[in-house]
Amino acid sequence: MIFQHNIITGRTIEDVWRDSMWCCIRNGYSYTVEQGSYKGQLRKQLDYLVAIIDEPAIRPLAVKVSEGLGFSSPTSELKIIDYFANYLMSDVVPTNTQYTYGQFITSQIDQVINKLKNSNGNTNQATITIGNEKSIYLEDPPCLRLIDFKVVNGFLNMNLFFRSWDCFAAMPENLGGLQLLKEYVLSYFPQFKDGKIIAYSSGIHLYEMYFPLVNQLNVDKIPIQKKE
C-alpha cells in the first residue's frame with residue numbers, strides 16, 4: 001500500500017502537498033462533518049499524518065494547479081506573504097473573528113528567540129503554544145496548536161501539530177507562511193542553516209470536491225492495468 005504508515009517525505013512544500021492529498025484519498029476513512037466548518041459534507045480523513053519537508057525554503061513557496069484542470073491554485077506568493085505578515089505576525093484580531101494565530105505567536109516569539117540565543121540552539125524549550133484554556137469553548141478552536149523550533153546538527157527545524165487540517169486549501173498556505181516565520185527566527189542566527197518542517201496532524205482531511213483533481217495531479221502514481 002502506498003504510504004502505508006501515512007508518513008510523507010518530500011523535498012518541497014508542493015511535493016508533500018500532492019502526496020498528502022493522495023494519501024488522504026487512498027488511506028483515509030470516510031467522514032461526514034457533523035460540527036464546525038463544512039457541516040454535512042463528506043471528506044476523507046486520516047487518523048494521523050506525518051509530513052516531512054526537507055527543503056521548505058525552495059521558491060516558489062506557493063503550490064500551483066495548472067490551468068485547464070478545473071480548479072484554481074489554493075494560494076499564491078502574495079497570499080502567503082500577507083498571511084505571514086497579517087495573520088501570523090500581527091496581534092490584531094479583526095472584527096467578527098474570534099482569534100488569530102498571531103495573537104499567540106507575537107506574545108511568545110521573542111522568548112523563543114531568547115531561549116535559542118541563550119542556549120546556542122541547545123534547548124527543547126523553544127515552543128509556541130497556540131490557544132489557551134479558553135479555546136476549547138470556542139465554536140471553532142484553533143487548528144494549529146503548536147510550533148516548535150529545534151536546532152539539529154546546525155539546522156533550524158520547525159515542528160508543527162495541527163488538530164485539524166484542510167489538505168487542499170489550508171495546508172500549502174499554512175506551510176508557506178510558517179516557513180517565512182522560520183526564516184524570521186533564523187535571521188537572528190547566522191550560525192544556523194535552514195532546516196526541515198516536520199508537521200503532524202491527527203485530523204488532516206480532503207473534501208470530496210477535490211478528489212478528481214488529486215488523481216490528475218498524481219496521474220503518475222495510478223497503476224496501469226496490464227492486458228492479459
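The values are calculated or read from the model by the stated rules, or taken from the named source; none is laboratory data. Please read these numbers as outputs of a predicted model, since none were measured by experiment. All Cβ positions, glycine included, derive from the backbone under ideal geometry; neighbour counts span all protein chains shown. All accessible areas refer to the heavy atoms of the entire protein, side chains included, with ligands and DNA or RNA removed. Shrake-Rupley method; radii C 1.70, N 1.55, O 1.52, S 1.80 Å.
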Scoring the chain by relative contact order with C-alpha pairs under 8 Å, at least six apart, yields a percentage of 26 percent
So the FRET efficiency between Lys134 and Asn114, C-beta based with R0 = 30 Å and rounded to 0.05, is 0.70
For the range 1-152, the dipole about the Cα centre with charges only on Cβ (Lys and Arg +1, Asp and Glu -1), to the nearest 20 debye, works out at 180 debye
Lys pairs in the chain with Cα under 14 Å (8 or more apart in sequence, or on separate chains) total 8
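On average, how much accessible surface per residue is there in the chain, in Å², for a 1.4 Å probe, leaving out ligands, DNA and RNA? Each step should come with its number before you reach the end.
Values: 12080 Å² over 228 residues.
I get 53 Å² per residue for the chain.
Hey, what's the Cα Rg ratio for the range 6-104 versus the globular rule of thumb, 2.2 N^0.38 Å?
My calculation over the Cα atoms of the range 6-104 gives 1.28.
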With label points set 7 Å from each Cα along the Cα-to-Cβ direction at Arg163 and Thr106, the distance between them in nm comes to 2.3 nm
note: the chain, Cα-Cα separations exceeding 25 Å make up a percent value of 43 percent
Expressed as a percent, the accessible surface of the range 72-193 that is carbon or sulfur, using a 1.4 Å probe and the full set of protein chains, is 51 percent
